[in-house]
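Participant: Structure provided below as structure tokens; questions to follow.
The values are calculated or read from the model by the stated rules, or taken from the named source; none is laboratory data. All figures in this text were calculated on a predicted structure; none of them were measured in a lab. Don't worry about glycine lacking a Cβ; one is built from the backbone with ideal geometry, like all the others, and counts go over all protein chains shown.
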Amino acid sequence: MRALTATVFCGLALLRAGAAGAATATAADTQFANYAFASELGSGIYELSGRTITVYQLQPGYRLRAAAPAGGRPGIRLIFPLTFGFFNFQPGDLVHLDIPTSIGALSFEPGVELDYWLNDVWDVYPYVKGGGSFASSSGANALIYGVGVRSDYRFDALGGGGLWRADFEHAGVHYQGDLPNDSFTRLRDALELRHNLPWPYRAHEVQIAPYAIVDLYLDAPEGPASGLSARTVQFEAGLMLDLIPEWQIHGVAMPRLGIGYREAGVLSGWRLVIGEPF
């Protein structure tokens, strides 16, 4: 638990340092209309162009049918991703009872995901989803959708486990107000290596997991109003920290924590990861 706490404090310190460096961004870069694509960012606290964005994602689902092995009949899973986004809010604000009074962006994007179980280490997941994004300003409310295919390949490396994920997705947003509609097509390659350290903490093992993400936008979003950088190639690298078995408080499992840095042009910045890095 001390290791997790240390990660939180280190992450918040880096975010504050990033805020000072982001002051050189132009005024136009910080005029965010909303974060319609917040569901594509991933859970965490971002320091981007002088603005702190906190994104929390819940991804409940319901399995209708299990996948058959060796490329047989695919499994079917209903997905119900829900994303909350807060502007200029950090968990440390709760210490001073500074609770956000409004949600900067809220999205609900239910869909269907298939599971092709190719072998014991490789699954392919085609998916389609659609729903709405709701902002603090009604003029930024929007319909959102996404369609794509994800590949998860698991392997052993360096005495631990690894995951290579490739995701090809097309997503779009249709605003209800005067904002122009937007879309993007993205190819993502991501790698994570998990390794348990030989120094246990009580009845738990400490696990570290360096990760890296490369995003290639074939049809980049138009600008920062979407919440995504318009840069064609973007990178993120960081380190995750976890306890095995997972730490629980009153029966509730605590999420993994980590720190990473995203290189994405004017929207480059630090990210305190909550949960999964990608």
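Participant: Tally the residues that are small (G, A, S) and surrounded by 21 or more Cβ atoms within 10 Å (Cβ to Cβ), restricting the search to segment 246-263.
Facilitator: So the count comes out to 2.
Participant: Now a separate question. In contact (Cβ under 8 Å) with a residue 24 or more places away in the chain, surrounded by fewer than 19 Cβ atoms within 10 Å (Cβ to Cβ) and not in a loop (DSSP other than H, G, I, E, B): does that describe L243?
Facilitator: When the stated conditions are applied, L243 does not pass them.
Participant: Return only the number of the condition from (1) in contact (Cβ under 8 Å) with a residue 60 or more places away in the chain; (2) under 28 Å from A135 (Cβ atoms); (3) surrounded by fewer than 20 Cβ atoms within 10 Å (Cβ to Cβ) that L218 does not satisfy.
Facilitator: Failing condition for L218: (1).
Participant: Which of the residues belonging to segment 150-188 are assigned to a strand (DSSP E or B), under 21 Å from D219 (Cβ atoms) and among the hydrophobic types (A, V, I, L, M, F, W, C)?
Facilitator: Residues satisfying the conditions are A166, F168, A171, V173, F184, L187.
Participant: Please find, among E276, E246, E192, the residue that is of a type in the set (D, E) and at pLDDT below 90.
Facilitator: On inspection, the qualifying residue turns out to be E246.
Participant: What number of residues in segment 132-149 are modelled with pLDDT under 95 and in a strand (DSSP E or B)? Before you say what the answer is, go through the steps one by one.
Facilitator: Of segment 132-149, the ones modelled with pLDDT under 95 are 132-144.
Still in the running and in a strand (DSSP E or B): 132-135, 142-144.
Residues in segment 132-149 being modelled with pLDDT under 95 and in a strand (DSSP E or B): 7 in total.
Participant: Further question: Among (1) under 28 Å from L257 (Cβ atoms); (2) without any contact (Cβ under 8 Å) to a residue 40 or more places away in the chain; (3) among the hydrophobic types (A, V, I, L, M, F, W, C), where does I213 come up short?
Facilitator: Only one criterion is unmet by I213, namely (2).
Participant: Check every one of the strands (runs of 3 or more DSSP E) wholly within segment 56-102 and list those with 2 or more residues that are at pLDDT 95 or above.
Facilitator: 61-65, 75-79
Participant: Just the residues that are surrounded by 15 or more Cβ atoms within 10 Å (Cβ to Cβ), among the aliphatic types (A, V, I, L, M) and farther than 14 Å from L228 by Cα, please, taken from segment 172-200.
Facilitator: Of everything in segment 172-200, those that are surrounded by 15 or more Cβ atoms within 10 Å (Cβ to Cβ), among the aliphatic types (A, V, I, L, M) and farther than 14 Å from L228 by Cα turn out to be L179, A190, L191, L193.
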